[in-house]
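A short worksheet on the structure shown next.
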Amino acid sequence: MKIVVCVKHVPDAAADRAFTEDCTTDRASVDSLLSELDEYAVEQALRIAESGDADAEICYLTVGPDDARDALRKALAMGGDSAIHVSDDDIEGSDAFGTSLVLARAIERHGFDLVLCGMASTDGTMGVVPAMLAERLRVPAVTHLEELTVEDGAVSGRREGDGASVRVQGALPAVVSVTDRSGDARYPSFKGIMAAKKKPVETLDLADLGIDPAQVGFSGARSAVGATARRPPRTQGEIVVDDGAGGAALAAFLTAKKFI
Amino acid sequence: MPEILVLVEHTGGAVRKPTLELLTLARRLGEPSAVLLGPGADSASETLGRYGAHKVYVVDAPEVGEFLVTPAVDALTQIAERTGPAAILLPSGPDGKETAARVALRLDAGLITDAVDVTAGPDGPVTEQSAFAATYQVTAHVTRGVPVITVKPNAAAPEPAPVTPVVEKQDVTFGPDSTAVRVLSRTRRERGDRPELTEADIVVSGGRGVNGDFAVIEHVADALGAAVGASRAAVDAGWYPHSHQVGQTGTQVSPQLYVAAGISGAIQHRAGMQTSKTIVAVNKDADAPIFELADHGVVGDLFEVLPQLVAEIEHRRS
């Protein structure tokens, strides 16, 4: 089974992230790493391969500038076989439509039975790329899974949707996204880190994928950001140390604010 | 007046509050038309009309319940092609966002997700969103095709604008994609008497500091008529269900009042609650980062502070 795991190199969510003047993510001001939510997709791919599918072949795919390779190396250090890095200056400024187009063409070129994604990136947080990939690849989208099983040519699992817990099933080939509840991701071992250096990473550009640059980047984007503004930090209010009347003081505050 | 399509979130015709918020926002852009998928048109149409839906397009086909997301995509796309709306608004849950993404692709249109406000602009709707764990505010607009916009709960207060809606049954052709992912079973989450987390005006959350005893949190929630939330640490410890997790990867809430008890305030938690209007924190640790956000904070033992708060609330109300 051919598994493609889509991963993204994102600014560290624990750092103070910012926008640049052209309203894109400022990648220079903070360190970037493999999106935490993508690690769960990597983990699920490895578990599928380990659970007895000896023919499973795991390929990681990312779209981004040169340093996005770091995300691929991290994933390869966790396990897996190979990686594809799509990099092209014209991709800069792509929205989810441009990104999903590039990913879909690269996935088609590589071939796939299963595409695994995280539920969302930790930078853009839209969570729409998996659905767009399924739409472009014309395969089922089995998304937002907290638990999944791949057997007999189908993927099934549990999804915590809007107000309900839903069990779903779709035939392979399919696009699957997993949440942070799907199972803790492993840490790369020293052996894994050393092995990752020898695993093949293929680099492709838009021409290799037959994509017209006008379809991606700023020119292909279907929405525009008008302005970005840092929200003023919240001003700290009154902090009292409980001397036996802390609950009463809290009640007085809530009464003054008309919550009681 | 241009027509604005609103995808209705409902259970058997019981319309959820975020849909009323969408109708309220839609009226700023044009004349709202509700798209109702599944059974319950009679009771739903009454509610939808009360909040300004001039039309209710009804697609009551079995595919809607039997398969995941894609029947809604076929329905909404085909209704949009027939009606030529000026915008399409959907709720920002997982289903709404996926539906929106696929509809936008099929209509060759632009998409904005997780709007916290929508206003009319010279070139169509202008949205406001939060970014980077709510440290940034972003405005945006769609530059191609009919704007498809998903809106987070609590983006607007629902305002009634009664009309008698025209209810129209719509036939939809479901393509092969629509039957790709079968729903094997669906278990609605028990909500009890408390309001739903995403919709509540007040949320009371517990974290590591509650030590497994959420009763103290529930007492405060019930005294205030609030929903119960939990930090990831509390959920991971198995003290409260994941559906109540507030944070970047849980539910993001923006209530009038957020009470954080025994929660230190890690960045992932703050990302899910720091747009709350008023924030109150109770924590033993005076250095907990949650106090940086708090409008009122109590450094103390939540098992002493919260019961006293509940007693005070009952006393003040009696």
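Side notes on the structure shown:
- Residue match in the stretch A:205-220 (condition: surrounded by 16 or more Cβ atoms within 10 Å (Cβ to Cβ), touching a helix residue (DSSP H, G or I) at 6+ places or on another chain (Cβ under 7 Å), of a type in the set (G, A, S) and assigned to a strand (DSSP E or B)): no
- Residue in the stretch B:156-175 that is modelled with pLDDT of 95 or more and within 10 Å of another protein chain (Cβ to nearest Cβ) present: no
For every residue, the table says whether it meets (1) open to solvent by 30 Å² or more (accessible area, probe 1.4 Å); (2) in a strand (DSSP E or B).
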| site | (1), (2) |
| --- | --- |
| A:A13 | no, no |
| A:Q44 | no, no |
| A:D55 | yes, no |
| A:I58 | no, yes |
| A:A83 | no, yes |
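- If the condition is being in contact with a helix residue (DSSP H, G or I) (Cβ under 6 Å, 6 or more places away or on another chain) and either of a type in the set (S, T, Y) or crowded, with 23+ Cβ neighbours inside 10 Å (or both), then the stretch B:36-45 contributes B:L36, B:L37.
- Criterion applied to B:A281, B:A260, B:A288, B:A234 was being open to solvent by less than 10 Å² (accessible area, probe 1.4 Å), out of contact with any Asp or Glu (no Cβ under 7 Å at 6 or more places or on another chain), part of a helix (DSSP H, G or I) and modelled with pLDDT of 95 or more, and the one residue passing it is B:A234.
- Taken over the stretch B:239-257, the residue count meeting the criterion of being of a type in the set (S, T, Y), in a loop (DSSP other than H, G, I, E, B) and within 21 Å of B:A131 (Cα to Cα) is 2.
- Filter result (out of contact with any Gly (no Cβ under 7 Å at 6 or more places or on another chain), open to solvent by 10 Å² or more (accessible area, probe 1.4 Å) and part of a helix (DSSP H, G or I)) within the stretch B:46-69: B:E46, B:T47, B:R50, B:E63, B:E66
- Output for the stretch B:279-294, where each listed residue is touching a helix residue (DSSP H, G or I) at 6+ places or on another chain (Cβ under 8 Å) and of a type in the set (D, E): none
- Within the stretch B:110-155, tally of residues that are over 30 Å from A:R234 (Cβ atoms), surrounded by fewer than 22 Cβ atoms within 10 Å (Cβ to Cβ), touching a strand residue (DSSP E or B) at 6+ places or on another chain (Cβ under 7 Å) and at the interface with another protein chain (Cβ under 10 Å from one of its Cβ atoms): 2
- Note on the stretch A:154-176: residues that are more than 10 Å from chain B (Cβ to nearest Cβ) and either at pLDDT below 95 or within 24 Å of B:V8 (Cα to Cα) (or both) total 0.
- Among residues of the stretch A:4-31 being free of Cβ contacts under 8 Å to residues at least 40 places away in the same chain and β-branched (V, I, T), the one that is nearest to the other protein chains (Cβ to nearest Cβ) is A:V30.
- Complete set of residues in the stretch B:70-91 that are buried (at least 23 other Cβ atoms within 10 Å of the Cβ) and either within 21 Å of the chain's Cα centre (by Cα) or not in a helix (DSSP H, G or I) (or both): B:T70, B:A72, B:V73, B:L76, B:P85, B:A87, B:I88, B:L89, B:L90, B:P91
- In this entry, A:G127 passes the filter for residues that are part of a loop (DSSP other than H, G, I, E, B) and touching a His at 6+ places or on another chain (Cβ under 9 Å).
- Any hit, the stretch A:228-248, residues being open to solvent by 60 Å² or more (accessible area, probe 1.4 Å), more than 8 Å from chain B (Cβ to nearest Cβ) and either within 20 Å of A:D38 (Cβ to Cβ) or of a type in the set (D, E) (or both): yes
- Criterion (over 30 Å from B:A134 (Cβ atoms), more than 12 Å from chain B (Cβ to nearest Cβ), in contact with a Leu (Cβ under 9 Å, 6 or more places away or on another chain) and of a type in the set (D, E, K, R)) met by exactly one of A:D70, A:D90, A:D66, A:D81: A:D90
- Identity of the residue in the stretch B:176-193, part of a loop (DSSP other than H, G, I, E, B) and within 14 Å of another protein chain (Cβ to nearest Cβ), that ends up surrounded by the fewest Cβ atoms within 10 Å (Cβ to Cβ): B:E190
- Identity of the residue in the stretch A:15-33, charged (D, E, K, R) and farther than 15 Å from B:Y136 by Cα, that ends up least open to solvent (accessible area, probe 1.4 Å): A:R27
- Verdict on B:T99 being open to solvent by less than 10 Å² (accessible area, probe 1.4 Å), at pLDDT 95 or above, hydroxyl-bearing (S, T, Y) and touching a strand residue (DSSP E or B) at 6+ places or on another chain (Cβ under 8 Å): yes
- Which listed residue, of B:V210, B:V204, is within 13 Å of another protein chain (Cβ to nearest Cβ), among the β-branched types (V, I, T) and either touching a residue at least 12 places away in the same chain (Cβ under 8 Å) or farther than 27 Å from B:P71 by Cβ (or both): B:V204
- Hits in the stretch A:99-124 - residues which are in a helix (DSSP H, G or I) and either open to solvent by 20 Å² or more (accessible area, probe 1.4 Å) or more than 12 Å from chain B (Cβ to nearest Cβ) (or both): A:T99, A:V102, A:L103, A:R105, A:A106, A:I107, A:E108, A:R109, A:H110
The values are calculated or read from the model by the stated rules, or taken from the named source; none is laboratory data. No experiment lies behind these values; they were computed from the predicted model shown. When we count neighbours, we look across all protein chains shown, and the Cβ atoms used for this are built from the backbone with ideal geometry, even at glycine. Areas reflect the complete protein model, heavy atoms only, side chains present, ligands, DNA and RNA absent. Shrake-Rupley method; radii C 1.70, N 1.55, O 1.52, S 1.80 Å.
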